Amino acid sequence: MTDSKYFTTNKKGEIFELKAELNNEKKEKRKEAVKKVIAAMTVGKDVSSLFPDVVNCMQTDNLELKKLVYLYLMNYAKSQPDMAIMAVNSFVKDCEDPNPLIRALAVRTMGCIRVDKITEYLCEPLRKCLKDEDPYVRKTAAVCVAKLHDINAQMVEDQGFLDSLRDLIADSNPMVVANAVAALSEISESHPNSNLLDLNPQNINKLLTALNECTEWGQIFILDCLSNYNPKDEREAQSICERVTPRLSHANSAVVLSAVKVLMKFLELLPKESDYYNTLLKKLSPPLVTLLSGEPEVQYVALRNINLIVQKRPEILKQEIKVFFVKYNDPIYVKLEKLDIMIRLASQANIAQVLAELKEYATEVDVDFVRKAVRAIGRCAIKVEQSAERCVSTLLDLIQTKVNYVVQEAIVVIRDIFRKYPNKYESIIATLCENLDSLDEPDARAAMIWIVGEYAERIDNADELLESFLEGFHDESTQVQLTLLTAIVKLFLKKPSETQEETHTYTHTNISPSFDSDNPDLRDRGYIYWRLLSTDPVTAKEVVLSEKPLISEETDLIEPTLLDELICHIGSLASVYHKPPNAFVEGSHGIHRKHLPIQHGSIDTGESPVSAGPAAPIEQAQSVIPSQGDLLGDLLNLDLGPPVNVPQQSSMQMGAVDLLGGGLDSLVTVCMFIFLYLLSLFPQIWLPAVKAKGLEISGTFSRRQGQMYMDMTFTNKALQHMTDFAIQFNKNSFGVIPTTPLPIHTPLMPSQSIEVSLPLNTIGPVMKMDPLNNLQVAVKNNIDVFYFSGLIPLNIFFVEDGKMERQVFLATWKDIPNENELQYQIKECHLNADTVSGKLQNDNIYTIAKRNVEGQDMLYQSLKLTNGIWILAELRIQPGNPNYTVKHPPNLNSPNSELRSHLLFLSEV
Amino acid sequence: MIGGLFIYNHKGEVLISRVYRDDIGRNAVDAFRVNVIHARQQVRSPVTNIARTSFFHVKRSNIWLAVVTKQNVNAAMVFEFLYKMCDVMASYFGKISEENIKNNFVLIYELLDEILDFGYPQNSETGSLKTFITQQGIKGQHQTKEEQSQITSQVTGQIGWRREGIKYRRNELFLDVLESVNLLMSPQGQVLSAHVSGRVVMKSYLSGMPECKFGMNDKIIIDKAGKGGVTNEAGKSTSGKQSIAIDDCTFNQCVRLSKFDSERSISFIPPDGEYELMRYRTTKDIILPFRVIPLVREVGRTKLEVKVVIKSNFKPSLLAQKIEVRIPTPLNTSGVQVICMKGKAKYKASENAIVWKIKRMAGMKESQISAEIELLPTNDKKKWARPPISMNFEVPFAPSGLKVRYLKVFESKLNYSDHDVIKWVRYIGRSGIYETRC
């Protein structure tokens, strides 16, 4: 008989016809009709309207028909809950059937009908089935408890089904035990703290006995459950290990991997010197290798897990590198994983073979694979010092092939080799430079620029090379721009020009493109470099050209705590993704994370489970490379970001806060002081000469004796003289306008500069600007009109009579609605209350009151802006951790964030 | 656990869809079709995560089997289950093809209901499944109570793979040692990697519940026996030559693993009919049946000269069969001229290779092929990757050196003894991935 004909129904009246057929008198006809319905359901047609007709066919002694009807019920009961009740009677009846297969079928199907109303009818039959004389019914009922728990957890607990389930762990039939374990494991996942499984030595013993007798799937359930057990001492751990090791010879790879998981976890508890520990390590290797002769999908899962195991315990597979050599016909996902493991296992002993392999791979077809192979050669060089020379020459050979992506990848890894072995292989730079034009990927361009900057003194035409990049500066990616900026500074410091004048021009023309970038990082870095250079080139040299730490060998290790967690998930999806389960499972955030057991009696248990055991050396090796997000490290160009992916976590905790914070090493602190000093002393360039036909204007704003001033320096960098200066402001947030015309009366000669101080007041027209303190200025001379904009520091708007009366302050403070209150924390500010208030008073921020609450100093402050707006603030200072609350009157809505950040800035200085 | 299982044809149409968990919606079916089956790029991983839903898939000819889940399932188990599912289907209706699946969709649903409960794999042994899931589907009604309980105890029991009361007039055993020998050799003839993966496949037609014991020339056992023996020296000299070091082995679930672990003896109650008893892997002292010596010379930019010599390396009395040497040619090949001493050689443009076939070849012989390959001039800068030369063959011995020492059968209840069982042993060595770089 062929069933395929059921897939080919078509016409419009299909449902109607089916309905008729379902009500046919003949049994055979009805069965045919139900088959058609199921076929339609499979391809996604909606046949829910036939519900009553299909349920009618349920009363039959034909098992096949019954199963089909059940299948239909499971699919549609949810959409027709009222009618689903019609089926209940039949289920209850079937649960009493003399045939165990039918009893099991009924209890299995009932659990799949996820309708609340039905569940209450389910309880009695289920209770009976859990105690059924037939093991087949019991094992089905065990799973049914998990189903019911998924629908109505409370009811399962109330009805005592969990206890019945626990009783089944002692069942005489191994399959019943296995299913009970599976059900309990699943239920306990949603109750992380309850000790549902009640794993005690007695139960463990029962599980280990069942392990020998149940099906392969049952063995997996039991092993996965065992891995959650924490043996009380090493003796118990060892005896469990002894009974688990035979599973390593099972034909089912999932059984093997789950056994490996148990052993990897319990190894933590065994004393490292013991014979058993070492035997166990030896026993782990062959089964892992055998997994690689399975089908490709299983190989993939195995390789992802081996990747973890190799990081945790490299000794297990260190002799087996050959099995990870890539075969020509391996699927790409297997190839990429094998490559990863090859690098991890590469050592001085096998490096020759590994390199020969990698060279072979670099000529293959798949682009991703080839790139990874090239990268791998670089990593070999960094990992095994003796091989570095051979690796470099291999990379040079590859560059000669001129295959574009191979060349680019090779240059990126050569950059890392230079960072590991500085001043060793610069003879190859010439070859690299030949390929400059073919580089079109940001990574490769950045790497090349870094090399040029780093070795500027040995490359004759370094300046030309960098200039060629500079032409398209604005089209480059940020990464390239930042590197280019640094390279230019390095080049300048390494080949300093004789005169001050030249310095000025050089740095100016080369650094200035960064000034008008939209990217704040780039712009700030440009400014810092420029100020650093124009103040003190000697210090600049010390800072920029300081000796950099070498990069470490292993660069893409999984962060140790994550690795330990993943070891606890061997064989599961988490181990395939290399992510903890809560990263990809919905609603699992409450679930506690698994960690390796802690060895009893070891000294360092207090710290964390990670530091116990042999993970320590890996940890140490890790921390050498600063991560990408480390702004300061980056600023000094210690690093352009690690060569490959560094664990995400480390980069996330870095940020701008650290920029102003303490806790940095001394070099960085020195740099920060320079930075802040420069910022206060040196005027900003508002209008660079290149943009204004030779006129350069720089300046600052200040407040002296209650009067605001704009102090400017006009410099003529053109070849002709300039006359007829005039200045005008655009409408702005505070109504700032100049009180006098621009006091420049004599012509400005070429390369001459003049300083002017322009008094300001705030009686002009007001328009809200973004940012709030932005000021747009137009300057005219005999050549043209130029426009620029600058930020007015807010403190010049703080008027001298900003001290509020105490009573008024108190009343106003109370009136401020909560929603207008802002709170912000300043981290790591080591000033006491008096110095803070002294500093703030200099800027016309007055302390109204001070009190001490629970060891914290509270400062209440007020200030007044030129436009009459008051700002009130509370500053809470705890040693090392001040908490800063800004409250402000309701009429000032928008500007809060800028004001806040400005206040913060002041309090920092 | 497993949330659902779908089977698609090559176009991405659903043939079978069974959902076990509530968190899997109908859109999951489409998500897999759109993102994997219809994806333009080649599949980069057998596990795909789409919108926090994980899909596992395997492909059999042009049929896709996909498992979907939203939980942190045991990934190895999912794939093992999919393989098992394929085995079960194959043993019910043969090849897994669109037609067969459509013809048997009711059966497949019935199987899925039985072997996967709420996403947990249950008994999947075809031996016991066939006792109560039949294509007639009506067996349930005609069974007696004893038969029914026998079925259930077998499905759930310790020996789920064998039913009681099997009777044969002639007790017979067929034992095949099937090995595939894998090699990767450098152009200079250096062995880069070589291993044998072997399988012991049995067909047993035995009455009752026999207890079997299987012995082979495993180095560990023979050394153990040698130590206990009288002449230590003699024992070593024989074992040194005759025994083999097995790197690792895995067993059918009928084998008592704890016994193997403690005594290294392989004892079991066999399933009825054909099954795979064990798999093993060896890497030491492998007999490489053939050696391939390549010589490729590029003559200018439009011509290649290839010469390949193969040497057989086993007893002259034995014959290798189905020998095939595959020499890859560049994509821009315009014409090929071949001369070979033995067999037939042809250039197959569609496969980009010269295929040289020899029907039979005795041990310790040598043969040679030479070819001239004309190339079209191209402006493609990229060099030809030179894939390795691969070989296929079949030899009547085990390249690992494995020998079956005994297979004993004990059945205490029925009156037949080990001597009454007729036993057949056969060794077949095949090429796995047998490649020489050129």
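The values are calculated or read from the model by the stated rules, or taken from the named source; none is laboratory data. On a predicted model such as this, the values are computed, not experimentally measured, just so you know. Glycine also receives a Cβ, built like all others from the backbone with ideal geometry; neighbour counts cover every protein chain displayed.
The table below lists the values:
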| read-out | value |
| --- | --- |
| Residue list for segment A:760-802, restricted to those being in a loop (DSSP other than H, G, I, E, B) and among the polar types (S, T, N, Q) | A:T762, A:N773, A:N781, A:N782 |
| Yes/no for B:Y109 being outside any loop (DSSP other than H, G, I, E, B), within 7 Å of another protein chain (Cβ to nearest Cβ) and modelled with pLDDT of 80 or more | yes |
| Residue tally, condition outside any strand (DSSP E or B) and away from every other protein chain (no Cβ under 11 Å), over segment B:3-32 | 9 |
| Among (1) assigned by the TED database to the domain that holds B:V29; (2) modelled with pLDDT under 90; (3) of a type in the set (S, T, N, Q), the one test that B:Q71 misses | (2) |
| Residue, nearest to the other protein chains (Cβ to nearest Cβ), within segment A:78-105, restricted to residues that are surrounded by fewer than 18 Cβ atoms within 10 Å (Cβ to Cβ) and not in a helix (DSSP H, G or I) | A:P98 |
| Breaking point among (1) more than 28 Å from the chain's Cα centre (by Cα); (2) at the interface with chain A (Cβ under 9 Å from one of its Cβ atoms); (3) aliphatic (A, V, I, L, M), for B:V78 | (1) |
| Number of positions in segment B:379-438 that are among the polar types (S, T, N, Q), surrounded by 19 or more Cβ atoms within 10 Å (Cβ to Cβ) and within 23 Å of B:D176 (Cβ to Cβ) | 2 |
| Test: residue in segment A:349-363 that is outside any helix (DSSP H, G or I) and in contact with a Leu (Cβ under 7 Å, 6 or more places away or on another chain) | yes |
| Qualifying residue in segment B:264-276 (condition: surrounded by fewer than 17 Cβ atoms within 10 Å (Cβ to Cβ), within 12 Å of chain A (Cβ to nearest Cβ) and modelled with pLDDT under 90) | yes |
| Looking only at segment A:252-298, and only at residues there that are outside any helix (DSSP H, G or I) and more than 9 Å from chain B (Cβ to nearest Cβ), the one that is surrounded by the most Cβ atoms within 10 Å (Cβ to Cβ) | A:L269 |
| Members of segment A:808-856 that are among the charged types (D, E, K, R), touching a helix residue (DSSP H, G or I) at 6+ places or on another chain (Cβ under 9 Å) and at pLDDT 75 or above | A:K850 |
| Counted residues, segment A:42-63 - those being more than 22 Å from A:V88 (Cα to Cα) and buried (at least 19 other Cβ atoms within 10 Å of the Cβ) | 1 |
| Any hit, segment A:201-210, residues being touching a residue at least 24 places away in the same chain (Cβ under 8 Å), within 14 Å of chain B (Cβ to nearest Cβ), under 32 Å from the mean Cα position of the chain (by Cα) and surrounded by fewer than 24 Cβ atoms within 10 Å (Cβ to Cβ) | no |
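Residues checked against (1) in contact with a strand residue (DSSP E or B) (Cβ under 6 Å, 6 or more places away or on another chain); (2) under 30 Å from A:S185 (Cβ atoms):
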residue	(1), (2)
B:R21	no, yes
B:A31	yes, yes
B:V34	no, no
B:V43	no, no
B:N74	yes, yes
B:M85	no, yes
B:E98	no, no
B:V106	no, no
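Residue-wise test of (1) more than 14 Å from chain B (Cβ to nearest Cβ); (2) surrounded by fewer than 19 Cβ atoms within 10 Å (Cβ to Cβ); (3) under 33 Å from the mean Cα position of the chain (by Cα).
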{"position": "A:V365", "(1), (2), (3)": "no, yes, yes"}
{"position": "A:I377", "(1), (2), (3)": "yes, no, yes"}
{"position": "A:E385", "(1), (2), (3)": "yes, yes, yes"}
{"position": "A:L395", "(1), (2), (3)": "yes, no, yes"}
{"position": "A:K402", "(1), (2), (3)": "no, yes, no"}
{"position": "A:V407", "(1), (2), (3)": "no, no, yes"}
{"position": "A:A410", "(1), (2), (3)": "yes, no, yes"}
{"position": "A:I417", "(1), (2), (3)": "yes, no, yes"}
{"position": "A:D443", "(1), (2), (3)": "yes, no, yes"}
